[in-house]
Amino acid sequence: MSEPVLTVEGLVTSFPGGDGGRLTVVDGVDLALEEGEVLALVGESGCGKSMTAFSIMRLVPKPGRIGPGSIRLCGRDVLSLPVTEMRSVRGSDVAMIFQEPMTSLNPVQTVGSQVVEAIRLHERVSVGDARRRTAELFERVGIPDPSARLDAYPHELSGGLKQRVMIAMALSLRPRLLIADEPTTALDVTIQAQILELMRELQRELGTAILLITHDLGVVNELSDRIAVMYAGRIVEEATRKTLLSAPRHPYTQGLLRSIPSLARAGERLAEIEGVVPAASEWPAGCRFSTRCPVVEDRCRSESPGPFAFAPDHRGFCHVAAREAGS
Amino acid sequence: MTLLRVEGLRTWFPIREGLFQRVAGWVRAVDGVDLEVAAGQTLALVGESGCGKTTVGRSILRLEEPREGRIWFDGVDLAALPKSQLQPYRRDVQIVFQDPMASLDPRMRVRDAIAEGMEAFGIGTSQAERTDRVAHLLERVQLDPRQMSRYPHEFSGGQRQRICIARALSVEPKLIVCDEATSALDVSIQAQILNLLRDLQEELDLGYLFITHDLGVVRYLADRVSVMYLGQIVETGDTERIFTAPEHPYTKGLLAAVPSVDPERRSAAATVIGDVPSPAHPPAGCHFHTRCPVVFDRCRRESPPVVALDDGSSRCFLSGADVAEGPV
């Protein structure tokens, strides 16, 4: 098997803060993505999922610091690349789409010229050729009347169309990895269904690996092959989509799934996870979930758990789950 | 018993243009809405962004001025009252918004924010008595009463929403309009707030008008559902029936588009395609015809009637008796 598209090992991302020290927001994250695979990174606000994505793109805002840890993307060590080389990696090897397409597009430039610019930054092609390619891309991502829309400004497009423009731009250079950070969160559900369908089609057609960052387990179920759940800066459980959604082992994953009001279940009381997600400055010692965990034991408060392999393809970080799984 | 009945509600916003701000047109945000909330029950008003659901809620509180229609509450038409006579009803109808940070004064201590309404309505005879009541309310929404002299920024998002709920409860309302009250919260926190709202309803016999885009939340909380599209209600019915046998094509499409967390079902289907048209220029005929998967000629010309169903209504030619004229 060839090298994975993306390998992240022991990634730490931190900001100055706390008591003159550093505030760690991503704390020892391991990830691997194979060619053409869709991995979902799931968690609630502040768990570090977006910061993990920004770290991979090396777009962590100052004065944040990425490292220690290693990020290998298409065989290259991202963290040691010179800035100019990193710039060419972004776009051609890895591209990113965001939750709010309005803030990712330049409001005073037509959407067509923004895609043309992106293509011409990376490839020596004429404006005419780049424009033709952009029109084709617009058609491919389902923008109605694509050649006319090249000259539209972002405010003239709906949220769904803007996200289609972002997807077109992200895929214009055929990256091997697409990072999608809450790509449908700002969209209405009928628009979301259309964008999910488009992403599924494109992924199948182009074989692009996708790292999907989201808080929405429904979206995860629609798109991903594997799921990693994050809590308080760390991954707590990772498995194939079916295993994680049908037989989660970690108490946090279990609580998360039970707290979702679903269309299929009427009436029965929602399970709550007690308390609130702790801020990065208040992460507890030992297992980070120990302050809210319904099955917490003494050692959880002092000893960081795992990783434990519950089964091939299913790992997690929980003392209690590990004992029950006999691993 | 009906607590609130809205009939033919219209709230339009002017589009102004030019130097003299001449009215060039109208955004028909709410264009003929009927709905009913029973005492102690929850009506969910669902729809996508821009459908007018928030404006319905705000119009009921007269935070927007309706242009037409009646808002019956306790035998009185709130829409016909002069603003000066609304005061007593402000106590009966409260609202909880999506963003608790924006609806709490950052410079006001939690105790004062909650007691403000009580003072306005002369509830409690002394400051000490009101402070006692604040403590009870905070306990009721599962916050520590010892924190009542703190400021809103010292609380998390979920805790702030609890404060807003306590504030709404402080004047003993009969109806609470919840406008996307849990949409900004993480799912584990949302579950806490939804359970709290349900307990409070049972205990205090509150009516809720629950405005939301989240159909999972609707299924969990609502007794009845009204589905809104471009300023109009397209379907109303019992929650169970709406989810198991939706009648209107828009309701069907909306439900089909919701992703499920069941790993055996990967099913979110885009049966309703394209974008919502602008409410400034709603399509002729049925507002939904530009996106409807079962559209036929008549829908483009004529506005469909509101067809009565056993448990509600549907605004579609294909509902009820007219089926013969539909596409075959």
Filtering the range B:189-215 for residues that are at positive phi and either within 12 Å of chain A (Cβ to nearest Cβ) or touching a strand residue (DSSP E or B) at 6+ places or on another chain (Cβ under 8 Å) (or both) leaves a count of 0
For the structure I just gave you, tell me whether B:VAL295 is surrounded by 23 or more Cβ atoms within 10 Å (Cβ to Cβ), β-branched (Val, Ile, Thr), in a loop (DSSP other than H, G, I, E, B) and more than 22 Å from the chain's Cα centre (by Cα).
no
By residue number, the members of the range B:20-36 that are out of contact with any Ser or Thr (no Cβ under 6 Å at 6 or more places or on another chain), closer than 17 Å to B:VAL234 by Cα and not charged (D, E, K, R) are B:GLY32, B:VAL33
Over the range B:258-267, the set of residues at the interface with chain A (Cβ under 7 Å from one of its Cβ atoms) and among the polar types (S, T, N, Q) is B:SER260
Any residue in the range B:168-188 that is touching a Leu at 6+ places or on another chain (Cβ under 9 Å), crowded, with 18+ Cβ neighbours inside 10 Å, within 14 Å of another protein chain (Cβ to nearest Cβ) and part of a helix (DSSP H, G or I)?
yes
Just one listed residue, out of A:ARG226, A:ARG258, A:ARG200, A:ARG249, is on the phi < 0 side of the Ramachandran plot and either touching a Gly at 6+ places or on another chain (Cβ under 7 Å) or buried (at least 24 other Cβ atoms within 10 Å of the Cβ) (or both), and it is A:ARG249
Taking the range B:268-287 and keeping only residues that are within 11 Å of chain A (Cβ to nearest Cβ) and within 27 Å of B:LEU43 (Cα to Cα), one is left with B:ALA268, B:ALA269, B:ALA270, B:THR271, B:VAL272, B:ASP275, B:VAL276, B:PRO277, B:SER278
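One line per residue, one yes/no per condition, for (1) among the acidic types (Asp, Glu); (2) touching a Lys or Arg at 6+ places or on another chain (Cβ under 9 Å); (3) under 28 Å from B:PHE13 (Cα atoms):
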| site | (1), (2), (3) |
| --- | --- |
| B:GLN190 | no, no, no |
| B:LEU197 | no, no, no |
| B:TYR208 | no, no, yes |
| B:LEU230 | no, yes, yes |
| B:GLY237 | no, yes, no |
| B:THR244 | no, no, no |
| B:ASP262 | yes, no, no |
| B:ARG265 | no, no, no |
| B:ALA268 | no, no, no |
Sole miss for A:ALA180 among (1) in a strand (DSSP E or B); (2) at positive phi is condition (2)
- Could you check, for the range B:307-319, whether at least one of its residues is within 14 Å of chain A (Cβ to nearest Cβ) and either in contact (Cβ under 8 Å) with a residue 40 or more places away in the chain or of a type in the set (A, V, I, L, M) (or both)? no
Subset of the range A:58-82, residues in a strand (DSSP E or B) and either touching a residue at least 12 places away in the same chain (Cβ under 8 Å) or touching a Leu at 6+ places or on another chain (Cβ under 6 Å) (or both), comes to A:ARG65, A:ILE66, A:SER70, A:ILE71, A:ARG72, A:LEU73, A:ARG76
Inside the range B:216-237, the number of residues satisfying the requirement of being charged (D, E, K, R) and either within 11 Å of chain A (Cβ to nearest Cβ) or in a loop (DSSP other than H, G, I, E, B) (or both) is 2
Out of (1) over 28 Å from B:ASP214 (Cβ atoms); (2) modelled with pLDDT of 95 or more; (3) not β-branched (Val, Ile, Thr), the one B:SER59 does not meet is (1)
Scanning the range B:32-47 residue by residue, those crowded, with 22+ Cβ neighbours inside 10 Å and either modelled with pLDDT under 95 or not hydroxyl-bearing (Ser, Thr, Tyr) (or both) turn out to be B:VAL33, B:VAL37, B:LEU43, B:ALA44, B:LEU45, B:VAL46, B:GLY47
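Here's the yes/no breakdown for (1) small (Gly, Ala, Ser); (2) modelled with pLDDT under 90; (3) in a helix (DSSP H, G or I):
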| residue | (1), (2), (3) |
| --- | --- |
| A:GLY18 | yes, yes, no |
| A:VAL26 | no, no, no |
| A:LEU41 | no, no, no |
| A:SER45 | yes, yes, no |
| A:MET51 | no, no, yes |
| A:SER55 | yes, no, yes |
| A:THR84 | no, no, yes |
| A:GLY91 | yes, yes, yes |
Note: among A:ARG315, A:ARG288, A:ARG301, just one is among the basic types (Lys, Arg) and out of contact with any strand residue (DSSP E or B) (no Cβ under 7 Å at 6 or more places or on another chain), namely A:ARG301
Test B:TYR250 against the stated conditions and say whether it is of a type in the set (Phe, Trp, Tyr), more than 22 Å from B:ARG58 (Cα to Cα) and at pLDDT below 95.
no
Over the range A:19-57, the set of residues closer than 24 Å to A:GLU222 by Cβ and of a type in the set (S, T, N, Q) is A:SER45, A:SER50, A:THR52
Within the range B:76-98, does at least one residue satisfy the condition of being within 26 Å of B:SER278 (Cα to Cα) and of a type in the set (Ser, Thr, Tyr)? no
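For every residue, the table says whether it meets (1) over 28 Å from B:LEU185 (Cβ atoms); (2) in contact with a helix residue (DSSP H, G or I) (Cβ under 9 Å, 6 or more places away or on another chain); (3) not polar (S, T, N, Q).
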position: A:MET169; (1), (2), (3): yes, yes, yes
position: A:PRO175; (1), (2), (3): yes, yes, yes
position: A:ASP181; (1), (2), (3): no, yes, yes
position: A:THR185; (1), (2), (3): no, yes, no
position: A:GLN194; (1), (2), (3): no, yes, no
Of the residues in the range B:14-28, those that are touching a Lys or Arg at 6+ places or on another chain (Cβ under 9 Å) and surrounded by 17 or more Cβ atoms within 10 Å (Cβ to Cβ) number 1
Taking the range B:239-257 and keeping residues more than 15 Å from B:GLU48 (Cβ to Cβ) and either touching a helix residue (DSSP H, G or I) at 6+ places or on another chain (Cβ under 8 Å) or more than 11 Å from every other protein chain (Cβ to nearest Cβ) (or both) leaves B:THR239, B:ARG241, B:ILE242, B:PHE243, B:ALA245, B:PRO246, B:GLU247
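The values are calculated or read from the model by the stated rules, or taken from the named source; none is laboratory data. Everything quoted here is computed from the prediction, not taken from an experiment. Using ideal geometry, Cβ is built from the backbone for each residue, glycine included, and neighbour counts are taken over all protein chains shown.
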